[in-house]
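Please read the structure below before turning to the comments.
The values are calculated or read from the model by the stated rules, or taken from the named source; none is laboratory data. These numbers come from a predicted model, not from an experiment. Please note: Cβ atoms are built from the backbone with ideal geometry, for glycine as well, and neighbour counts cover all protein chains shown. Areas reflect the complete protein model, heavy atoms only, side chains present, ligands, DNA and RNA absent. Shrake-Rupley method; radii C 1.70, N 1.55, O 1.52, S 1.80 Å.
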Amino acid sequence: MNASRVHNCSRHRGFSLLEVAIVMVIVAILLTTVGVPLATQVEARRTEETRRMLEEVKEALLGFAMANGRFPCPAFANATSNSAGRESFCVAASGNCPGSETQAVQAHGNCSNFYDGFVPGATLGLSSLDNQGFLVDAWGNESNRVRYAVFGEAVGAGAFPFTSSTSPTDMQLATLSVLGAASSNYLYICNSGTGVTATTCGGGTANTLTTKAPILLMSLAQNAPAGATGADESKNTDGNKVFVSHTPVKGGTNEFDDIVTWIPITTILKKMLDAGKLP
């Protein structure tokens, strides 16, 4: 009896060790298979939060325009100048102004940087600002400051129709017919970076989402700390009026996860008309 009991106990202990080993293997497999989906879920949640944030910023920009008759200039930050999340102007009424930016509102509307700036979160009174007043997306890094571009070329009688605060505003002086004309030189949004130049999408209409975006918002999303890792992403940070927007591409030489959205000219015109800011 005693020998049998010892044998049974030994066998029971043996099975217990085997069961523990099996459980450990199963846990390792689960961790391996579940880890990636969890990371994907986190990225998806942050992407959705950022998309909602960009929609809220659109409303804030439209509200600012209806109250002031213009859109704010982008905030600006580089090695020598930092607007602390406030809109940044050139002192001069025309031309570029490296090193002579000002946060004092200039009626002429010449922004210090029309195409490579950031949402002026402090000017708009937004939340989710970093410690320097810049709006950051759901990833929350300094490199994840939300970017903002605004049309900044001459249209009709108005030098800078969307940022000028002269009276009447340059948007009024430009006239509705000119602002709505197909020939107006707005921001370009392209399907891909292939053939893109500083002034056009290239590839004809097949590579063009719109040639009439007055206002653009952009998050560099998850890979922002690594910089523009893909060829298409590099088109969104090279400081001109042509941008790229398409579905995400993971890995490779053309990785792309930028989140790009814009306000159509038709939406702006209707909002401004309803607010009595356009004749």
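Tallying residues that are at pLDDT 95 or above and surrounded by fewer than 22 Cβ atoms within 10 Å (Cβ to Cβ) within the stretch 218-233 yields 0.
Total residues in the stretch 149-162 satisfying the condition of being buried (at least 18 other Cβ atoms within 10 Å of the Cβ) and touching a helix residue (DSSP H, G or I) at 6+ places or on another chain (Cβ under 8 Å): the figure is 6. Considering the stretch 234-279, the residues that are assigned to a helix (DSSP H, G or I) and among the basic types (Lys, Arg) include one that is most open to solvent (accessible area, probe 1.4 Å), namely Lys270. The residue that is nearest to Thr267 (Cα to Cα), counting only those in the stretch 170-216 that are open to solvent by less than 20 Å² (accessible area, probe 1.4 Å) and polar (S, T, N, Q), is Ser184. State yes or no: is Val119 under 21 Å from Ile268 (Cβ atoms) and surrounded by fewer than 24 Cβ atoms within 10 Å (Cβ to Cβ)? No: the conditions fail for Val119. Within the span defined as the stretch 52-62, one or more residues are of a type in the set (Gly, Ala, Ser), closer than 27 Å to Asp257 by Cα and buried (at least 16 other Cβ atoms within 10 Å of the Cβ). For the stretch 122-148, the set of residues classified as open to solvent by 20 Å² or more (accessible area, probe 1.4 Å) and among the charged types (D, E, K, R) consists of Asp130, Glu142, Arg147, listed by residue number.
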